[in-house]
1. Restricting attention to the range 150-165, and to residues there that are farther than 20 Å from Asn45 by Cα and charged (D, E, K, R), which single residue is surrounded by the most Cβ atoms within 10 Å (Cβ to Cβ)?
2. With (1) in contact (Cβ under 8 Å) with a residue 40 or more places away in the chain; (2) of a type in the set (D, E, K, R); (3) not in a loop (DSSP other than H, G, I, E, B) as the list, and Arg196 as the residue in question, which single condition is left unmet?
3. Which of (1) assigned to a loop (DSSP other than H, G, I, E, B); (2) open to solvent by 10 Å² or more (accessible area, probe 1.4 Å); (3) within 16 Å of the ligand (Cβ to nearest atom) does Arg23 not meet, given it meets every other one?
4. So which residues in the range 74-127 are open to solvent by 20 Å² or more (accessible area, probe 1.4 Å), in contact with a strand residue (DSSP E or B) (Cβ under 9 Å, 6 or more places away or on another chain) and among the β-branched types (Val, Ile, Thr)?
5. Suppose we filter the range 380-406 for residues that are open to solvent by less than 100 Å² (accessible area, probe 1.4 Å) and touching a Phe, Trp or Tyr at 6+ places or on another chain (Cβ under 7 Å); how many remain?
6. If the requirement is being among the aromatic types (Phe, Trp, Tyr) and open to solvent by 20 Å² or more (accessible area, probe 1.4 Å), which of these qualifies: Trp261, Trp296?
7. Assess whether Ile334 counts as being open to solvent by less than 10 Å² (accessible area, probe 1.4 Å), of a type outside the set (S, T, N, Q), in the same structural domain as Ser433 (by TED's automatic domain parsing) and assigned to a helix (DSSP H, G or I).
8. From the list Val242, Val253, which one is touching a helix residue (DSSP H, G or I) at 6+ places or on another chain (Cβ under 8 Å), under 20 Å from Gly73 (Cβ atoms) and open to solvent by 10 Å² or more (accessible area, probe 1.4 Å)?
Amino acid sequence: MWIGLDDTDSTFAGGCTTFAAYRIISHLTGRGYYVIGYPRLVRLNPNIPWKTRGNGALSFQIASDGEKEILIGLNNGEKIYGYQKIKEECDNPKKIFDLVSKILEKEARFDDENTNPGLVVTREKIDYELYKKAVKTIVSLDKVVSLLGKNNALYIGYKNKRGLIGAAASIAWSPINDRTYELITYRKEKKIGSKREVDDDSVKIMDKKIATTFDNYDYVNKHNRIKPNSPCPVLYGIRGDVAHDLIKAMKIVKSEDFQGWMIFESNQGTDEHLQRKEKIKDVSSFESVILKGTVWKEPFTIPGGHVIFKIKDGNNDTIDCAAYEPTKEFRSIIRGLCKGDVVEVYGGVREKPFTINLEKIKIIDVVKIVKKVENPVCEKCGKHMKSMGKEEGFRCVKCGAKTDESKAKYAIISRKPSPGFYEVPVCARRHLSKPLKRMVKEA
Ligand code: ATP
């Protein structure tokens, strides 16, 4: 049986859909149900205008019994185990639906007008195509509702029912191409809303010791990335490629006491939101793209510190690309681009202004820049000659002898940045963006 939920939290009233899932799972495992595999935190289209924060949706599979135990979490001192394989399916979806909807109604922040929870319980896994669409484009509620009908799913959408989209799309995800994990710790009730105590130095030690983790600490901007800023129940989240390494990582981090933790399987850090586009004409707002082009208008900085440049494709169409202020030192890479450089840009497409918001860039080829380094020397007088203007040649101020441009000395300027991949710093990284650290591993 699959359970999916989404849109239970609020930017001002707190909450977190992973916490609602943690609560539901803790409850179900105490009632003879078991999670199969890890619960899943699935990030969907990061350019959805109505998302609260990171457009994350939750799902998990449960059964009455399973084989091959795995430790998936801890709740107030009690270990939560799941199983790798199903031994016995659970047979009463309505009972599960009633149980889960009660907990969700308690956890969801209905007071926020932008919170529109959705819950799906289904025996049949939802078709992967829905996930593919929901991570890359905008999906309509009608389509999802009709799909849920075909699946004979039990579902409830609250308020405008939009949460059903994420709940269903999360169930539809399968880690067929790539997967990562995140271990999330949850604060003690009385601490929620207060300043988080997570020791930076211990996070740096963990970051260096547990090589399979990523996006823990931004050393340039001194930003402890595992700790969120919102008033939600999450104390910190550690992301990595190997689930059991995350437990080792948690043991290294020094922090305030927490009520428990849970490991989620995830599509975070996989670049699954990106679509390769051959032509600028095919780029649409609210999508995320990989697009090759030639720098057409050189980078310039606008008020606010955002750096903008234009690229052109083979059809002579152009589009703006932006490295916004929060991308910090990444902007100096971008400022180094020159007209004629060939690049591949990776990023989300903003509607207004129509711009690619850069997450990464691959500099494929840089143009040679030749610069005059010395004026010619007069053959008679042995003195450096003076320029007579752009491409007008040179003249000796002493004897009046003239010569042309070719007699000056020129040098090829060494270009920075050189060809290669560059990414925004950890502090500005999007949940779905694949860190270069993971890309190198694959190569
Ligand atoms: P958090 O990351 O803190 O859990 P959030 O950013 O996930 O919050 P939500 O509150 O879940 O934000 O709001 C996102 C809403 O957008 C949900 O209702 C979800 O169902 C819907 N949604 C997600 N992906 C799509 C999509 N591709 N097309 C249309 N709607 C979507």
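The values are calculated or read from the model by the stated rules, or taken from the named source; none is laboratory data. Just so it is clear, the model here is predicted, and its values are computed rather than measured. Cβ placement follows ideal geometry from the backbone for every residue including glycine, while neighbour counts extend to all protein chains displayed. These area figures cover heavy atoms from the full protein model, side chains too; ligands, DNA and RNA do not enter into them. Shrake-Rupley method; radii C 1.70, N 1.55, O 1.52, S 1.80 Å.
1. Within the range 150-165, the first condition is being farther than 20 Å from Asn45 by Cα, and the residues that meet it are 150-156, 158-159.
Now restrict to residues that are charged (D, E, K, R): 150, 159.
Values: Lys150: 10, Lys159: 16.
The extreme case among them is Lys159.
2. That leaves (3) as the condition not met.
3. That leaves (1) as the condition not met.
4. Within the range 74-127, just Ile86 meets the criteria.
5. Of the residues in that region, 4 qualify.
6. Working: Trp261 fails: open to solvent by 20 Å² or more (accessible area, probe 1.4 Å).
None of the others qualify; the one that does is Trp296.
7. On the way: open to solvent by less than 10 Å² (accessible area, probe 1.4 Å): yes; of a type outside the set (S, T, N, Q): yes; in the same structural domain as Ser433 (by TED's automatic domain parsing): yes; assigned to a helix (DSSP H, G or I): yes.
Here the answer is yes, as Ile334 does meet what is asked.
8. Val253
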